[in-house]
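Notes follow the structure.
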Amino acid sequence: MSDELSTTKLMIRLATPEDMVQVEYLDSLSSSPTRDIHREMEKYFGSIDPSTHEHTFIFLAELGDVAIGRAELMVAPGDVTAGIGYIKRVIVNPDFRGRGISRQLMEHIVTFARKKQHLAALDLHVWENNVLAIHLYEALGFAFQHRELYYRLAL
């Protein structure tokens, strides 16, 4: 990392359509088995019919003009989920892990969800072997709800 980046303040902002190259690059750094799920641009930046499609807010964490992390907040329209948002795809470039970037992203999203979206709760899923993420989420006050079983039949 350059000296310039080490002294630059972390900024978190909402992504725009022009940021998709950076978003996709950060997605490529994820080890999640679901990272290649197809995404539609409308789901990211406003749906054609907002009454039937959720809105996804993408947050970028940047040092200078370098995107080093990202996370998403999905919000369903109206009363569909009774004010519950869903956080997904929290990814930090491996070169910048261990510096509190994920914590800052999560704190930013929690504040955004509470103050701007007026949500009552936030949900998220985490792979049970992602121990560092689990510790972070629990430290932020997320409480374990239930364990899901995931099955696949190889053909």
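For the reader, a short list of remarks on this structure follows.
- FRET efficiency for the pair THR111 and ALA139, taken as 1/(1 + (r/R0)^6) with r the Cβ-Cβ distance and R0 = 25 Å, rounds to 0.95.
- Extending 7 Å from the Cα toward the beta-carbon at both ARG147 and ARG103 defines two label points whose distance is 2.8 nm.
- Approximate shape of the range 80-155 as ellipsoid semi-axes (Cα gyration tensor, √5λ), whole Å, largest first: 22, 20, 12
- Packing, as the average of other Cβ atoms within 10 Å across residues, places the peptides 54-61, 14-21 in the order 54-61, 14-21, highest first.
- Computed E for GLU24/TRP127 - FRET, C-beta separation, R0 30 angstrom, nearest 0.05: 0.90
Values in this text are rule-based calculations from the coordinates and carry no lab data. No experiment lies behind these values; they were computed from the predicted model shown. Ideal geometry is used to build each Cβ from the backbone, glycine not excepted, and the neighbour counts take in all protein chains shown.
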